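Chemist: Structure in structure tokens, see below.
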Amino acid sequence: MTTDTTKPDKILTGKQQGAALLLCAGLSVQEVSVKVRTSKRTLRGWLRQPLFVEQLRSLQSGMFQATSAALYTVGQHATATLLEIITDSSQTAAARSQASISVLKVLTKHQSDTELSRRLTALEDKLKRADK
């Protein structure tokens, strides 16, 4: 009886899960291979396995969502602080002006990013329709 080692298992091994976490943390293939005690070649092989790549993307997505949530909270506090400065007549005109400029810059960037996202989504939809 032979075992086909080219097919990935349905679940990752402990080493693979650890490697995925370390890669998401920003470690290099060399560093990860040392930490999980596997060869760089094996690790690169894992990086070609759909299940491993899916796990890596899932971890990255989770990390991104957690970071986004934290930034959103910080952004609310920063916005409240800027609003206090802008509306506080005891602040210097320069401080109020700088706070206003900061808000306007962020707003302009957000509007630009939103428009870019909208256009990219429309382009992706158009490409999907063309493929059909």
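The values are calculated or read from the model by the stated rules, or taken from the named source; none is laboratory data. Quick caveat, the model's predicted, so the values are computed rather than measured. All Cβ positions, even for glycine, are placed from backbone atoms using ideal geometry, and neighbour counts span all protein chains on display.
Chemist: Of all residues in the range 80-129, which are at pLDDT below 90 and either loosely packed, with under 10 Cβ neighbours inside 10 Å or in contact with a strand residue (DSSP E or B) (Cβ under 7 Å, 6 or more places away or on another chain) (or both)?
Modeler: Restricting attention to the range 80-129, the residues satisfying the condition of being at pLDDT below 90 are 103, 106-107, 110, 128.
Once the filter is applied, which keeps residues that are at pLDDT below 90 and either loosely packed, with under 10 Cβ neighbours inside 10 Å or in contact with a strand residue (DSSP E or B) (Cβ under 7 Å, 6 or more places away or on another chain) (or both), the range 80-129 yields only Lys128.
Chemist: With the structure loaded, tell me whether Leu59 is among the hydrophobic types (A, V, I, L, M, F, W, C) and touching a residue at least 12 places away in the same chain (Cβ under 8 Å) or whether it fails that test.
Modeler: Spelling it out, Leu59 is indeed among the hydrophobic types (A, V, I, L, M, F, W, C) and touching a residue at least 12 places away in the same chain (Cβ under 8 Å).
Chemist: Please verify whether Thr73 is within 25 Å of the chain's Cα centre (by Cα), at pLDDT 90 or above, hydroxyl-bearing (Ser, Thr, Tyr) and loosely packed, with under 13 Cβ neighbours inside 10 Å, treating the condition exactly as stated.
Modeler: It is true that Thr73 is within 25 Å of the chain's Cα centre (by Cα), at pLDDT 90 or above, hydroxyl-bearing (Ser, Thr, Tyr) and loosely packed, with under 13 Cβ neighbours inside 10 Å.
Chemist: Another question, then. Could you identify the single residue in Leu43, Leu56 that is among the aliphatic types (A, V, I, L, M), surrounded by 10 or more Cβ atoms within 10 Å (Cβ to Cβ) and in contact with a Cys (Cβ under 8 Å, 6 or more places away or on another chain)?
Modeler: Being among the aliphatic types (A, V, I, L, M), surrounded by 10 or more Cβ atoms within 10 Å (Cβ to Cβ) and in contact with a Cys (Cβ under 8 Å, 6 or more places away or on another chain) holds for just one of Leu43, Leu56, which is Leu56.
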